[in-house]
1. Quick query: amide H of A:Ala257 versus all other amide H atoms, modeled in the peptide plane; which residues come in under 5 Å with a sequence gap of 5 or more or a different chain?
2. Show log10 I(q)/I(0) for chain B at q = 0.14 Å⁻¹, two decimals, from a solvent-free Debye sum over equal Cα scatterers.
3. Quick one: check the C-alpha center-to-center distance for the stretch A:176-202 versus the stretch B:3-66, whole angstrom.
4. How much length would be gained if the chain were fully extended between A:Glu91 and A:Asp64, taking 0.36 nm per residue of separation minus their Cα-Cα distance, in nm to one decimal?
5. Let me test this: with uniform point scatterers at the alpha carbons of the stretch A:87-318, what is the Debye-based log₁₀ I(q)/I(0) at q = 0.13, 0.15, 0.17 1/Å?
6. So which GluC sites (Glu not before Pro) in the stretch A:70-167 are both in a DSSP loop and have at most 13 other Cβ atoms within 10 Å of their Cβ?
7. Please give the residues of the stretch A:331-358, grouped as numeric ranges, whose backbone N is less than 19 Å from a label point set 7 Å along the Cα-to-Cβ vector of A:His39.
8. Please compute, for peptide A:157-163, the average count of beta-carbon atoms on other protein chains lying within 10 Å of each residue's beta-carbon.
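What follows draws every value from the coordinates through simple rules; no lab data is involved. Fair warning: this is a prediction, and the values are worked out from it, not measured in the lab. Don't worry about glycine lacking a Cβ; one is built from the backbone with ideal geometry, like all the others, and counts go over all protein chains shown.
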Amino acid sequence: MNAPAPTQASTQPPSGATAATHAPAIPMTFKQRAHDAVHDKQLRKNFRGAMDFLMAKRAAQFPDGDEFERLRTFGNHVRARALSKLPELLERLETNLTRNGVKVHWAETVDEANAIVHDIVHAHEAKQVIKGKSMVSEEMEMNHYLEGHGVDCLESDMGEFIVQLGKEKPSHIIMPAIHLNAGQVASLFHDKLEVDYTEDVDRLIQIGRETLRRKFFEADIGVSGVNFAIAETGSLLLVENEGNGRMSTTVPPVHIAVTGIEKVVENLRDVVPLLSLLTRSATGQPITTYVNVISGPRKAEELDGPQEVHLVLLDNGRSQAFADSELRQTLNCIRCGACMNHCPVYTRIGGHAYGTVYPGPIGKIITPHMLGLEETKDLPSASSLCGACGEVCPVRIPIPAILRRLREENVRAPDEAPKYMRGQGSKYSRTEGMAWKGWRLLNTSPRLYRVFKLAATRLSALTPPKLGPWTEHHSAPKAAPRSLHELARDHLGED
Amino acid sequence: MSAKERILAKLGRSLAGTTPLADDYDEALVTAPWAYPPEQRIPRLRELLEAVHGETQLTTAADWPARVVEALAKRGIDELLIAPDTPHGQQFAGHVAEKATAIRLKAYDRPVEEWKDELFFNTPASLTGTLGGIAATGSLIMCPTTSEPRLMSLVPPLHIALLKASEVYDNLYTVLQAQAWAQGLPTNALLVSGPSKTADIQQTLAYGAHGPKELIVLILEDA
Ligand code: SF4
């Protein structure tokens, strides 16, 4: 696969090029999926190339390390301040949006959020929904839900359009089709859109443009996400490069924005540092092609824009993260994707292996709040704790520390109070708990320790050759015949 | 209890006993690295716009209509969407009448529903003003109005924008202050930094995704 792009568009796929096959369907465990992904050479190659590209682009945007570090601190303070008065800001946001003519809805769960969207769709007898990129709508599985109610939901971001066409899920939060190369997209378009096979990216994008232009035109409702919701002015700010976000929020008569409750910032000026951090961290751009600030539906005298604008504020586990000051930092996230671009695990297994809407480091720390630790218990340990994510995060989320914290929550006894997480203790094992208790006792009582040491060194021949998962990839540890203490004593001539 | 009350109650409980963090907004950090001597603002803006395939031209308040005519002729376009009730719309209409050029002028003078088909499939180019530019990021500031509605700068494949040299600001923060955005925003405010683009297929940059395929910025040096 991955034949060099022909200079002229051919009409047939070259042999070996196949349409996207990295299906997201998830009957397997995370470990099995990760195992398979690691052995998928094409996938590895696609991700390696993409991550190297994104890392280089980002690095070029932060030539001044000092400016970056100070701006990160600033970004962190802006987000932390917003969270420190979140209830008040959400109410101010609602008041100001309502004053501007935007209808605000609240949903605790994805089911509630879908029901709200469905009510709006139903009230307008809408049949066709067009979507700008929205990860919250992915959380809701809105496409699936609406399709179940006879409403067509079409993705309009090129990457999202491609994965939807291939009946896949996004593998990256910023670049949804990053797992595919041009040849794979070419085959997909050839199969599904019945166009001539071409690997010419300009041509492929034009095919997407033509197909979707008609759809923007026809759609009854446009759905979008939100990058920042501004309490002070009652505005929704969206960034994008393609123009599909502007289309989705401008052309259809009704616009529904869906977002998480944490996305609010206090003042308009607060978006200045965040915007700079976001676009530079995400795709290495000083700014995206469009920054779209929406503060209300079409006014009576205006000639375009939606007649109705709705905002759905979704909790879906965020308030659980909010309850603990360490875990709350998870909600600082501005969804730039830099943590995944720099993650050695994500780069090797790709986005689908996680089996969750948000992959990579941010996925590992936010998803347990959405699905509960019982569904996500392997995620916190799918990390080498190398620290790369924490170093690049533009709002200074201490991702490695939060991963360690989630590992602890994973092994605390399920009934131990206080409870911070749904699914606490999903990896709890009484035996393991006892073993650690024993280990602690051993290491805090000198007499016991000496007995143990003597036994371990003198009887080292009896060490078992297999020690669970450890010996799958390492040789078994064997104690030396004499301990370091003993050797040191000899050396110093002590008795 | 409604979902709203439940969510707010939960969040409120989690904050019990805490005080909101103070606003330590660091103005210098979003302005100092992005400040330019006046003579460098336009070169920087042009450089950044051109880096993302925007075309820029230096011209004057009197000459720009001729540049528009040239740009259209070069592309074989004989139709232009303008806003006849703006000063620049009037100036261009006057130019076309005077020079008897063969450009047909179209106005966005009725709700989009009444001419959606034509706007989407039969309007190759548009001309709009701007509310200024931003040197730091190579951006145009636009607040669509009744005369120049939102879709005017989005749907036609070629968008020509007029930018007054005197209205190029250093950075976004100075714009928010100078134009008092926080005191009241229109229904839609935009920063536009180039023609639409995507890198969604194998990180290969392609222009003309869903918005304009081409953006021409005419910078009026004496305005
Ligand atoms: S956790 Fe940080 S690096 Fe990762 S997406 Fe969020 S803001 Fe970006």
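1. Here A:Ser224, A:His310, A:Leu311, A:Val312 satisfy the definition.
2. -0.91
3. Cα centroid to Cα centroid, the span is 36 Å.
4. Working: separation 27, 0.36 × 27 = 9.72 nm, distance 3.83 nm.
Gain on extension, A:Glu91 to A:Asp64, equals 5.9 nm.
5. Scattering profile of the stretch A:87-318, log10 relative to I(0): -0.77, -1.03, -1.31.
6. Working: sites: A:Glu88, A:Glu91, A:Glu94, A:Glu108, A:Glu112, A:Glu125, A:Glu138, A:Glu139, A:Glu141, A:Glu147, A:Glu155, A:Glu160; in loops: A:Glu108, A:Glu125, A:Glu141.
Counting only loop positions with at most 13 other Cβ atoms within 10 Å, the GluC sites (Glu not before Pro) in the stretch A:70-167 are A:Glu125.
7. Flagged as within label range: A:348-355.
8. Numbers: counts 4, 8, 4, 1, 1, 2, 1.
If you average over the peptide's residues, the count of other-chain Cβ atoms is 3.
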